[in-house]
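Have a look at the structure below before the remarks.
The values are calculated or read from the model by the stated rules, or taken from the named source; none is laboratory data. Note that the coordinates shown come from a computational prediction; the quantities given were computed from them, not determined experimentally. Backbone-built Cβ (ideal geometry, glycine too); neighbour counts: all protein chains shown. Heavy atoms of the whole protein, side chains included, go into the accessibility calculation; ligands, DNA and RNA do not. Shrake-Rupley method; radii C 1.70, N 1.55, O 1.52, S 1.80 Å.
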Amino acid sequence: MSVLTQPGADTAAPRPRGGIVQSVKDSLVVARRNLIRMLRIPEMIIFGLIQPIMFVVLFSYVFGGSISVGGSLDSGLYREFLMAGIFAQTVTFATAGAGAGIADDMHKGLIDRFRSLPMARGAVLTGRTLADLVQTSLTIVVLALVALLVGWRIHEGVPKMLAGFGLLLLLGYAFSWIGALIGLSVRTPEAATSGGLIWLFPLTFISTAFVPSSNMPAFLRHIAEWNPFSATVQACRELFGNLPQGYPVPDAWPMQHPVLASVIWSVVIIAVFRTLAVRKYRSAAA
């Protein structure tokens, strides 16, 4: 009897294809699927733009002139100081959307469909996070244009500006893996959205994003200065040239070497949470 006619040969589950090249191809296919889905639901993109734009306008004109930065209450200085924090908050808040999207796919059984195909196991999650990265990039471009309208400027040249935006996108990609793990760990998209936001608020506000850490109590100041979010914000301020004269840079190592600290934090987060998310995906889909 030939292999093709053996009982059960046609019903066996397809084996995942191996190899890095094949894994990349599978990830890009999944990413393309998610990007097409986003384009067909434009309100996802529109609503994702409204919140950061509101933050820019509200923080610029409500808090500008009320918070001392480098010993000055100049609202223009605060706007430039603020924008790196708004950019970083925007890319990290995309975590909730990533988690909700994966939870929705799980809830609808789409993950089971992917599991039945001969594709790399990690491709489903990698493709999703890559699609979210593209959407985040679009959001950052629009947000930068709004920031320019309210008075934000770059003072260190285009190469450093691109490096700053690169660090922001790296941080956003790292946090999307946290969102992926949350999405795989809950039962509904609503729970994923709530779970993706509840820890982000203390992370972003107990940081140097919106106020200097010198204004905080001692125990919060140490948390803020070692916060991975703060490292990226500080790195972007240096690369954009948005640190006002007289601004006291904290003595903590991540604040003294923010670019290196930002890269290290992001790479560590990707390594840890990608491993946990792929492991969770395998057990959830088993």
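A compact table of results
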item	result
Filtered residues of the range 242-286 (kept if more than 21 Å from LEU184 (Cβ to Cβ), in contact with an Asp or Glu (Cβ under 9 Å, 6 or more places away or on another chain) and open to solvent by less than 20 Å² (accessible area, probe 1.4 Å))	ASN242, PRO244, PRO250, ALA252, PRO254, MET255, PRO258
Among (1) within 20 Å of SER137 (Cα to Cα); (2) open to solvent by 20 Å² or more (accessible area, probe 1.4 Å); (3) among the small types (Gly, Ala, Ser), the one test that GLY179 misses	(2)
Selected residue (only one of LEU197, LEU203, LEU167 is of a type outside the set (D, E, K, R), in a helix (DSSP H, G or I), closer than 14 Å to GLY97 by Cβ and open to solvent by 10 Å² or more (accessible area, probe 1.4 Å))	LEU197
In the range 25-66, residue modelled with the lowest pLDDT [restricted to those that are within 25 Å of PRO212 (Cβ to Cβ) and open to solvent by less than 50 Å² (accessible area, probe 1.4 Å)]	GLY65
Complete set of residues in the range 38-67 that are farther than 20 Å from LEU145 by Cα, free of Cβ contacts under 8 Å to residues at least 60 places away in the same chain and not in a helix (DSSP H, G or I)	ILE41, GLY65, SER66
Close pairs from the range 116-132: first within 23 Å of ALA100 (Cβ to Cβ), partner of a type in the set (S, T, N, Q) and open to solvent by less than 20 Å² (accessible area, probe 1.4 Å), Cβ under 6 Å, at least 6 apart	ALA123/SER27; THR126/SER27; GLY127/SER27; ARG128/ASN34; THR129/SER176; ALA131/ASN34; ASP132/SER176
Residue satisfying condition, being in contact (Cβ under 8 Å) with a residue 40 or more places away in the chain, β-branched (Val, Ile, Thr) and outside any helix (DSSP H, G or I), within set ILE154, ILE140, ILE102	ILE154
Candidate set: the range 225-241, residues that are out of contact with any Leu (no Cβ under 7 Å at 6 or more places or on another chain) and either of a type in the set (Asp, Glu) or closer than 17 Å to PHE55 by Cβ (or both); chosen: the one least open to solvent (accessible area, probe 1.4 Å)	VAL233
Residue within the range 211-224 that is within 20 Å of the chain's Cα centre (by Cα), crowded, with 18+ Cβ neighbours inside 10 Å and part of a helix (DSSP H, G or I) present	yes
Whichever residue in the range 120-164 is within 25 Å of ILE36 (Cβ to Cβ) and among the small types (Gly, Ala, Ser) and, among such residues, is surrounded by the fewest Cβ atoms within 10 Å (Cβ to Cβ)	SER137
